[in-house]
Amino acid sequence: MKRKAKVFRPTVFAFPYLAVTLVFVIVPLLLILVYAFRGQDGNFSLENFRLIFCGDGVNDAKDFLVRPLLKTLGIAAVSTAICLLIAYPVAYVLSSQPFRKMTVIALLFVVPMWINFMLRIFALKSILDTLGMENGYWMAVIGMVYDFFPYMLLPIYTVLANMDKSYVEASRDLGANPVRTFCKVTLPLSLPGIISGISMMFMPIFSSYAITGTMGDNHTSVIGSEIYSAFHYYEYGHGAALSFVLLIIVLFVVWLGNFLTRRSQKAPKGGKA
Amino acid sequence: MDLLPAQLLRKEETKVKENKTIGAVTEAPAPQRKSDNIIEIKGITKVFDGVTVLDDLSLGIKRGQFVTLLGPSGCGKTTLLRLIAGFETPTSGEIYIEGAPITSIPPYKRPVNTVFQKYALFPHLNVFKNVAFGLKLKKIPDPTRKKGYRKLTKKEIADKINRALKLVGLDDYGHRDVNSLSGGQQQRVAIARAIVCEPKVLLLDEPLGALDLKLRKEMQLELKKMHEDLGITFIFVTHDQEEALTMSDVVVVMNEGIIQQVARPKSIYDEPKNAFVADFIGESNILSGVMEKDFKIAFLGKSLTCVDKGFEKNEKVDIVIRPEDIRISAGHGQGHFDGEVLTSVFKGTYYEMDVLASDYEFTVQSQTEYRSGEKVSLEIVPDSIHIMKKILTINKYIGKVTGENAVSFCGGEFEMPTDGFETGDEVLVYVPFDAVELTDYESDGVIGANVTQSLYKGTYYQVQVYTDTDEDFYIDTADEWDPDDRVGVKIDGAKVRLEKYDPDKDETEAAE
């Protein structure tokens, strides 16, 4: 049997993207790694990490990593929670009759995503200014909630809209009233959408600094702003080390999210009543 | 004290009953009398977005029976089941379970449980928890409690679940993830989940549709056995006529939102009430004929003896002849019809042949094979000819577009919109019964006709007229018309529907 000399593989279509990834993702990531582990003399050193985790004698370590990190966690958690509480009922209503067929309405909630991000933030800020609100923690939270609302809404809406109606019917058929049906069937089955919404909002907030920069004050300095200012003042090693730590945290949270999703979909709890 | 007037009332009623003569049997039974119908459906109509899915449907279902709702897709059988389950509310009418109206009761308070078409097992719960779902919510009467009821204990729940799983043959599957089960196993879990709640009526919505043939046959027998063991009423929806005939005590054949026939499986097959039922249940030859007189039926140019009577003289009827009832023999001149075999297919235990005789293609089944092209005789014995009243829903004619907004048929030229058709096109003309108007003087109508009969249909008369071109018109009208009167016929063109006429395809239809 003669072998065919050349086999055309559809994988060649992925090569352009591979090239882009290599140049703009892999290489920068490696650069971060290099800068993070390089001392001021240019040799390998853990100096940057020592600064982050132990301080430099003048500033406490808390100021470098822990405090911004906790602030970031706090503001991300609060905004995400508020966003979830607002988005879920909206998604629920939009996915139910008689809105189900009117995808246009669902689209209306997404349209703001098509407007420039900074433009939206400044517009919201001027509105809040007019209402007499001052820059600060809550203004930043409002900014986050406003900005990330579609990212929270869409995954939940998609899961709810595609959910087989017969699950709800089966629950009601078996004697569960509407409240119980929601708690025992609809909510658990929409968990993948909720987790996906949370990760789509929580992650970006972690590294964002534009909203807190525009709408917050110096008490709302998040880790993203720290990194920004480090690079701004040419402290490449410091910035890279912070980025590296942030990356590890984000990767862990993503893994956790995936793990929970898989668990909720596949493995139900034990067989005892 | 409160009881007294009620007692008096009841006494009075029995008196009234006693006074009645035997002739009053047709009167509706007194409401207090307990009927053995567990479900009573009365005048249910359901309209979805302007489409009538169920049309003034009434049906009684006896306690403990296995009842099948059978019909083609879109006939309203699933809608009827969902109305009983409570997932839909009727546009009008009422459903009673054990005498109590239920249409305003939400599904979670109804004493029925459903096995869904795609099982609808909760994917986030394992088998045990799926089956436990309804039991955990169940309240059982307990006079020792303040509320008068209590919930089941964990042990009671576990016992019931194990019994239910055993019944469906899934003893050790409690801990299993429902997604890891095969279709047949999921089906069993769905049944266990429904029957464990001990419903008064079990509703099954095409539950075997997703299973392969072998498994389906097994499940049919198992369901039948379960029904016997449990003794509760089953209402089973299917479009598979064989399934319906195998499993049911009573089959309800439905089409277009209307019940066509309610009967035992054998009667449905042997004595179909109309052409639809005959066509839907099993293979059959359906022909048009004329009832010449009692026990005499004319079709395909022959006059044959049959066993039916009680039709009008020369009434047009539908005739059903089952393929296995036709006796086929070699050579011409042996039976009623001479023909030629067109095709012959072996079906495992018999041969199925298409035989062309008197311009009609008979389907014939026989143990003996006659090859394609062979000359044969067909004999049709009297008791294999089933005669049914014709049901007409619309007048249908073949016409010709004779100009803009003018169509000629039945010997007259009628005005109606002809958008999309050209002059000279042959068309099928559909004239609804209420689109026709009769006039006292022939000259006021487009064509003249003779009144054949007027039938009172409760709120209106259905009048039949006979045109000079040998066509019949059926008219729904408020007035009674005297037979043999000469009248004029007018048509409201706006209500008429036109369709392209294809002589090859529509030949048999138009001939009716």
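The values are calculated or read from the model by the stated rules, or taken from the named source; none is laboratory data. The shown structure was predicted, so the numbers you read here are calculated from the model rather than taken from an experiment. Positions of Cβ are backbone-derived with ideal geometry, glycine not excepted, and every protein chain shown enters the neighbour counts. Accessible surface areas use protein heavy atoms only, side chains included; no ligands, DNA or RNA. Shrake-Rupley method; radii C 1.70, N 1.55, O 1.52, S 1.80 Å.
For every residue, the table says whether it meets (1) in contact with a helix residue (DSSP H, G or I) (Cβ under 7 Å, 6 or more places away or on another chain); (2) over 27 Å from A:Val34 (Cβ atoms).
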| position | (1), (2) |
| --- | --- |
| A:Asn162 | no, yes |
| A:Tyr167 | yes, yes |
| A:Val179 | no, yes |
| A:Met201 | yes, yes |
| A:Glu226 | yes, no |
| A:His238 | yes, no |
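Going by the structure shown, is A:Ser79 in a helix (DSSP H, G or I), polar (S, T, N, Q) and closer than 26 Å to A:Val253 by Cβ? Taking the combined requirement at face value, the residue satisfies it. Is there a residue in region B:69-83 that is open to solvent by 50 Å² or more (accessible area, probe 1.4 Å), more than 9 Å from chain A (Cβ to nearest Cβ), over 18 Å from A:Gly175 (Cβ atoms) and modelled with pLDDT under 90? Checked region B:69-83: at least one residue is open to solvent by 50 Å² or more (accessible area, probe 1.4 Å), more than 9 Å from chain A (Cβ to nearest Cβ), over 18 Å from A:Gly175 (Cβ atoms) and modelled with pLDDT under 90. Restricting attention to region A:179-190, the residues that are open to solvent by 30 Å² or more (accessible area, probe 1.4 Å) and more than 8 Å from chain B (Cβ to nearest Cβ) total 4. Filtered by the rule that a residue be among the hydroxyl-bearing types (Ser, Thr, Tyr) and closer than 15 Å to A:Val185 by Cβ, region B:99-113 gives a lone residue, B:Tyr108. Being closer than 24 Å to A:Leu69 by Cβ, in contact (Cβ under 8 Å) with a residue 60 or more places away in the chain and either in contact with a Leu (Cβ under 9 Å, 6 or more places away or on another chain) or within 11 Å of chain B (Cβ to nearest Cβ) (or both) is a property that A:Phe202 lacks.
Remark: B:Gly209 falls outside the filter, which requires a residue to be of a type in the set (Gly, Ala, Ser) and within 12 Å of chain A (Cβ to nearest Cβ). Tell me whether region A:230-239 contains one or more residues that are within 14 Å of chain B (Cβ to nearest Cβ) and assigned to a helix (DSSP H, G or I). No: zero hits. Please work out if B:Lys62 is out of contact with any Pro (no Cβ under 6 Å at 6 or more places or on another chain), loosely packed, with under 15 Cβ neighbours inside 10 Å and within 17 Å of B:Val252 (Cα to Cα). Answer is yes for this residue.
State whether the residues of region A:216-223 include one that is part of a helix (DSSP H, G or I), away from chain B (no Cβ under 14 Å), touching a residue at least 60 places away in the same chain (Cβ under 8 Å) and more than 30 Å from A:Phe37 (Cα to Cα). The answer is no, given that none of the residues of region A:216-223 is part of a helix (DSSP H, G or I), away from chain B (no Cβ under 14 Å), touching a residue at least 60 places away in the same chain (Cβ under 8 Å) and more than 30 Å from A:Phe37 (Cα to Cα).
Screening region B:326-399 for strands (runs of 3 or more DSSP E) wholly inside it with 2 or more residues that are touching a strand residue (DSSP E or B) at 6+ places or on another chain (Cβ under 9 Å) and closer than 27 Å to B:Asp472 by Cβ returns the ranges B:360-366, B:386-389.
The residue that is nearest to B:Leu215 (Cα to Cα), counting only those in region B:172-190 that are assigned to a loop (DSSP other than H, G, I, E, B) and either in contact with a helix residue (DSSP H, G or I) (Cβ under 6 Å, 6 or more places away or on another chain) or at the interface with another protein chain (Cβ under 9 Å from one of its Cβ atoms) (or both), is B:Tyr173.
Going residue by residue through region B:217-228, is there one that turns out to be under 30 Å from B:Asp279 (Cα atoms), part of a loop (DSSP other than H, G, I, E, B) and either modelled with pLDDT of 90 or more or in contact with a strand residue (DSSP E or B) (Cβ under 6 Å, 6 or more places away or on another chain) (or both)? No, region B:217-228 has no match at all. Does B:Asp308 satisfy being closer than 23 Å to B:Ala278 by Cα, in contact (Cβ under 8 Å) with a residue 40 or more places away in the chain and not in a strand (DSSP E or B)? Against the criterion (closer than 23 Å to B:Ala278 by Cα, in contact (Cβ under 8 Å) with a residue 40 or more places away in the chain and not in a strand (DSSP E or B)), B:Asp308 qualifies.
Report whether or not B:Lys160 is open to solvent by 30 Å² or more (accessible area, probe 1.4 Å) and assigned to a helix (DSSP H, G or I). Spelling it out, B:Lys160 is indeed open to solvent by 30 Å² or more (accessible area, probe 1.4 Å) and assigned to a helix (DSSP H, G or I). A residue that is within 18 Å of B:Ile195 (Cα to Cα), facing another protein chain (nearest Cβ under 7 Å), open to solvent by 70 Å² or more (accessible area, probe 1.4 Å) and in contact (Cβ under 8 Å) with a residue 24 or more places away in the chain can be found somewhere in region B:114-130.
The rows are residues; the columns are (1) closer than 30 Å to A:Gln97 by Cβ; (2) in contact with a Gly (Cβ under 6 Å, 6 or more places away or on another chain); (3) open to solvent by less than 60 Å² (accessible area, probe 1.4 Å); (4) away from chain B (no Cβ under 14 Å).
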| site | (1), (2), (3), (4) |
| --- | --- |
| A:Gly136 | no, no, yes, yes |
| A:Phe148 | yes, no, yes, yes |
| A:Leu153 | yes, no, yes, yes |
| A:Ile156 | yes, yes, yes, yes |
| A:Asn162 | yes, no, no, no |
| A:Tyr167 | yes, no, yes, no |
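If you go through region B:174-217 and keep only what is open to solvent by 60 Å² or more (accessible area, probe 1.4 Å) and either within 28 Å of B:Arg110 (Cβ to Cβ) or not polar (S, T, N, Q) (or both), you end up with B:His175, B:Arg176, B:Glu198, B:Lys200, B:Ala210, B:Asp212, B:Leu213, B:Lys214, B:Lys217. Scanning region B:357-373 for residues that are under 29 Å from the mean Cα position of the chain (by Cα) and under 17 Å from B:Glu324 (Cβ atoms) turns up B:Glu361, B:Phe362, B:Thr363, B:Val364, B:Gln365. Among the residues of region B:320-354, the ones that are β-branched (Val, Ile, Thr), out of contact with any helix residue (DSSP H, G or I) (no Cβ under 8 Å at 6 or more places or on another chain) and either open to solvent by 60 Å² or more (accessible area, probe 1.4 Å) or within 22 Å of B:Met291 (Cα to Cα) (or both) come to 3 in all. For B:Ile319, the stated conditions do not hold, so it cannot be described as modelled with pLDDT under 85, closer than 29 Å to B:Leu70 by Cα and outside any loop (DSSP other than H, G, I, E, B).
Where strands (runs of 3 or more DSSP E) fall wholly inside region B:400-488, the ranges with 2 or more residues that are loosely packed, with under 12 Cβ neighbours inside 10 Å and within 28 Å of the chain's Cα centre (by Cα) are B:447-456.
Does B:Gly93 meet the test of being more than 8 Å from chain A (Cβ to nearest Cβ), open to solvent by less than 50 Å² (accessible area, probe 1.4 Å) and at negative phi? When the stated conditions are applied, B:Gly93 does not pass them.
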